[in-house]
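The values are calculated or read from the model by the stated rules, or taken from the named source; none is laboratory data. What you see is a predicted model; the values in this text were computed from it and never measured. Quick reminder, even Gly has a Cβ in these numbers, built from the backbone with ideal geometry, and neighbours come from all protein chains shown.
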Amino acid sequence: MALQQVNLGTPPSALDGDDPRTAFTRINNNSQFLDTIGISAPIGRPVPNDDCNQAMTEGWWSAASGTAANRPPGMTFPLIYVVTIGGYVVQSALDMFSGRRAGRGYNVVNGQWADWGREAFLSDLGTAAFAALTTSDLDTTVGRALKVGDHGVGGDVPYLQSPNLNALTVPNGDYFVATPSNSPVAYGMLTYRKRSDVEYQRIVSVESAAFRSFERARPGASTPWPAEWVDTTPFGHGQLWYNLTPNRTTGINYRNATGRPIQIAGLFGPTNNPNVSVYVNILGPDGASNAITVRGGYSAAAGNYIEMPEILIPHGCYYNIAIGNGSAAIIEWRELR
């Protein structure tokens, strides 16, 4: 309803203005309208047909039935305030119980309502919206909000200079380490995980283009870190065949201390007996247990070559070369390491 203005008439007599009854009727009508739209009285207008889409005129409307159609998502008992201009309508909703707010508009050109847009509520923001920021990239203070780059999130991973990998006190995460102690590499990317006193480490070398990765773990503080890391680099990657003939002698235990499996192969020449045999003994990490013998070829005549099969030696294990039923010279000894 448009405002009804009292006609005051032409001064000074104002005889052509509204008589008192007409004037007060206009005033009463204006007051009644303000009451009706909920400005000067409690909100009493329910949305037409229990449908929020039909609340198209100014003022406050009540959708308090709990079942009104087209009410804002997440609101059961909204109060809706409407403003209009030129056929366009804007609705602002306020939930009576939660205090949440939402809004939307009606486009008179296409006759369509926009989707409800809910305003952010304090409980929606979570504690991070009010928390103090971290003060460093390794800040672990409970309740503080992380910045980009903290603990390597969204930025460079933290840098550790000369850390002792046997006694790390840093939080779980990824790090770049330079010249660490108790490490298989001098420069690398370290992943560190800890739960109570159970710890796990994985480090990837960045010293050269040759990829090398190592892992180790310990089940608790009472168990020391393993002195050796497990080389998890794929077998053969970055390895080459070497001729170690001058460095190998029969009857000597040799240990694979490369951190990963190696492969061995040899060629022998019998010198004094047609029935000479050649074999390799593979021993456990203590140099004695789990012994197993791999035999090579058998010489039917002196001067014939005997070739050993290519054998895989696990990391940490020992092996030795032995000659049976005579003597033979090592013609060639090769190792992939």
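Values as computed for the structure displayed
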read-out	value
Filtered residues of region 131-190 (kept if part of a loop (DSSP other than H, G, I, E, B), of a type in the set (Ser, Thr, Tyr) and either within 21 Å of the chain's Cα centre (by Cα) or surrounded by fewer than 15 Cβ atoms within 10 Å (Cβ to Cβ) (or both))	134, 135, 136, 140, 141, 162, 169, 179
Region 117-130 - residue that is outside any loop (DSSP other than H, G, I, E, B) and in contact with a strand residue (DSSP E or B) (Cβ under 7 Å, 6 or more places away or on another chain) and, of those, modelled with the lowest pLDDT	128
Candidates 255, 248, 334 - the one that is farther than 30 Å from residue 209 by Cα and at pLDDT 95 or above	248
Options 14, 69, 23, 55: the member that is surrounded by 12 or more Cβ atoms within 10 Å (Cβ to Cβ) and out of contact with any strand residue (DSSP E or B) (no Cβ under 6 Å at 6 or more places or on another chain)	23
Residues located in region 158-189, provided they are in contact (Cβ under 8 Å) with a residue 40 or more places away in the chain, touching a strand residue (DSSP E or B) at 6+ places or on another chain (Cβ under 7 Å) and farther than 15 Å from residue 206 by Cα	165, 182
Conditions (1) in a loop (DSSP other than H, G, I, E, B); (2) surrounded by 14 or more Cβ atoms within 10 Å (Cβ to Cβ): number failed by residue 335	(1)
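Each row is one residue, and each column tells you yes or no for (1) farther than 27 Å from residue 124 by Cβ; (2) in contact with a Gly (Cβ under 9 Å, 6 or more places away or on another chain); (3) hydrophobic (A, V, I, L, M, F, W, C); (4) at pLDDT below 90.
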position	(1), (2), (3), (4)
20	yes, no, no, yes
25	yes, no, no, yes
33	yes, yes, yes, yes
38	yes, yes, no, yes
50	yes, no, no, no
62	no, yes, no, no
102	no, yes, yes, no
106	no, yes, no, no
